[in-house]
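*Asks:* Pasting a structure below so you can have a look.
The values are calculated or read from the model by the stated rules, or taken from the named source; none is laboratory data. Since the structure is predicted, the reported quantities are computational estimates derived from the model, not experimental observations. Ideal geometry is used to build each Cβ from the backbone, glycine not excepted, and the neighbour counts take in all protein chains shown.
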Amino acid sequence: MSHAFKQLLEKIIREKAPGPSPTFSVFHVLRAIELIAEKPTGRSKLAENLNVGEGAVRTIIGRLKNAGLIKTSKAGCALTDKGLMLFKEYQSIFKKKVKIGKNELTLADYNFAVLIKNHGDKVKSGMEQRDAAIIAGAKGATTILFREGRLIIPSVSNNVAEDFPKAASQIVMLMRPEENDVIIISSADCLGKAEYGAVAAAWALL
């Protein structure tokens, strides 16, 4: 994903509006774009799916519209050509997002994994990703790289298949990683927080 996309979404979040500061994050905006990409979506459906109030959804819709990413009609919100282009760019990097079962690397009942295409060289220690997930409400996150045909966790494991076999087989089956891909597994007390944690951790890589 080009950094232009990241900057645009972060700018949408930062816009100063009168009244209290927004109760949503860049991940709510990303999720809104995903939902709208699936099918035209109305305001109340967005509020329900994003788990935020109608006021926050009104702001999100207004900002996406001002940025030229969505258009609104009686059928609800739909992506514009510009919005669709950005969404495709997002999808080409955030290749897979899946719920994942408990394994040796999970920390809570609900776990979510994201595969980020070809960003392995951006990972330092994985701590930045873990911290981003925790700020987003998760219990923690593990960053795994696919390098030279095997899964590794920086400073933890040079061979995940040997050290954490259950996690490795789940990742390979669900995610099908390729060279230099990154997989982040985030754990939380509910699935929504696990997903936001994983996306927040992945966002920190861009």
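For every residue, the table says whether it meets (1) buried (at least 24 other Cβ atoms within 10 Å of the Cβ); (2) closer than 24 Å to Val29 by Cβ; (3) at pLDDT 95 or above; (4) in contact with a helix residue (DSSP H, G or I) (Cβ under 6 Å, 6 or more places away or on another chain).
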position	(1), (2), (3), (4)
Phe112	yes, yes, yes, yes
Asp131	no, yes, yes, no
Ala138	yes, yes, yes, yes
Gln170	no, no, yes, no
Met175	no, no, yes, no
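*Asks:* Given the residues Glu48, Glu54, which is the only one that is within 19 Å of the chain's Cα centre (by Cα), among the acidic types (Asp, Glu) and surrounded by fewer than 17 Cβ atoms within 10 Å (Cβ to Cβ)?
*Replies:* Glu48
*Asks:* Additional query: Is it the case that some residue within the range 150-167 is modelled with pLDDT under 95 and among the small types (Gly, Ala, Ser)?
*Replies:* Yes: the range 150-167 contains one or more residues that are modelled with pLDDT under 95 and among the small types (Gly, Ala, Ser).
*Asks:* Among the residues of the range 3-23, are any at pLDDT below 95, hydroxyl-bearing (Ser, Thr, Tyr) and not in a helix (DSSP H, G or I)?
*Replies:* Yes, there is a match, as at least one residue in the range 3-23 is at pLDDT below 95, hydroxyl-bearing (Ser, Thr, Tyr) and not in a helix (DSSP H, G or I).
*Asks:* In the range 43-82, which residues are under 22 Å from Glu195 (Cα atoms) and among the small types (Gly, Ala, Ser)?
*Replies:* Ser44, Ala47, Gly53, Ala56
*Asks:* State all residues of the range 176-205 that are basic (Lys, Arg) and in a helix (DSSP H, G or I); if no residue qualifies, say none.
*Replies:* Listed by number, the list holds a single entry, Lys193.
*Asks:* Now for a separate question. For the range 27-52, give me each residue that is in contact with a Phe, Trp or Tyr (Cβ under 9 Å, 6 or more places away or on another chain) and either at pLDDT below 85 or of a type in the set (Asp, Glu) (or both).
*Replies:* Glu34, the sole residue that qualifies.
*Asks:* Moving to a separate point now. Please list, ordered by first then second residue, the pairs with beta carbon atoms under 6 Å, 6 or more apart or interchain, first in the range 78-102 and closer than 16 Å to Gly68 by Cβ, second of a type in the set (Phe, Trp, Tyr) and modelled with pLDDT under 95.
*Replies:* Final answer for the pair search is Leu86/Phe5; Glu89/Phe5.
*Asks:* May I pose another question? For the range 142-175, enumerate the residues that are of a type in the set (Phe, Trp, Tyr) and not in a strand (DSSP E or B).
*Replies:* Phe164
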